[in-house]
Amino acid sequence: MAALTRERIEAAKNLLVNTRLSVSEVGVRVGYPDAYHFSKRFKEIVGMSPKQFRDQFVQVPVDLPPQENEDGLDTSQNDAA
């Protein structure tokens, strides 16, 4: 694999994990203006699609516990007076 391609794919991995950019926008930013070509090349090198890669490595909490203040009171709800 050429050094430039390796750098592009590593940059794409970083953007996929650390941003909310679309897969096509990630491709553009790393030098692949065609989303299809980017996804195909990414899968050839990494072994999974960019979306699969993001889904595997990005941890998004599903349910967050309620936030409590120093008195132990739930502050996650807005109570209108």
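The values are calculated or read from the model by the stated rules, or taken from the named source; none is laboratory data. The structure displayed is predicted, hence computed values, not measured ones. Cβ coordinates were reconstructed from backbone atoms using ideal geometry, including for glycine residues, and neighbour counts include every protein chain displayed. Ligands, DNA and RNA are excluded from the accessible area calculation, which covers all protein heavy atoms including side chains. Shrake-Rupley method; radii C 1.70, N 1.55, O 1.52, S 1.80 Å.
What are the residues in segment 1-35 that are small (Gly, Ala, Ser) and either in contact with a Gly (Cβ under 6 Å, 6 or more places away or on another chain) or more than 21 Å from Gln56 (Cα to Cα) (or both), if any?
Correct list: Ala2, Ala3, Gly31, Ala35.
Search segment 17-34 for residues being in a helix (DSSP H, G or I) and modelled with pLDDT of 95 or more, and hand back the single one that is most open to solvent (accessible area, probe 1.4 Å).
Per the criteria, the residue is Arg29.
Output the number of the condition that Phe38 fails; it satisfies all remaining conditions of (1) open to solvent by 50 Å² or more (accessible area, probe 1.4 Å); (2) closer than 18 Å to Glu7 by Cβ; (3) in a helix (DSSP H, G or I).
(1)
Name the single residue that is modelled with the lowest pLDDT among those in segment 6-16 being surrounded by fewer than 15 Cβ atoms within 10 Å (Cβ to Cβ) and in contact with a helix residue (DSSP H, G or I) (Cβ under 9 Å, 6 or more places away or on another chain).
Of everything passing the filter in segment 6-16, Arg6 is modelled with the lowest pLDDT.
Determine if segment 48-59 includes at least one residue that is charged (D, E, K, R), at pLDDT below 95 and surrounded by fewer than 11 Cβ atoms within 10 Å (Cβ to Cβ).
No, there is no match, as no residue in segment 48-59 is charged (D, E, K, R), at pLDDT below 95 and surrounded by fewer than 11 Cβ atoms within 10 Å (Cβ to Cβ).
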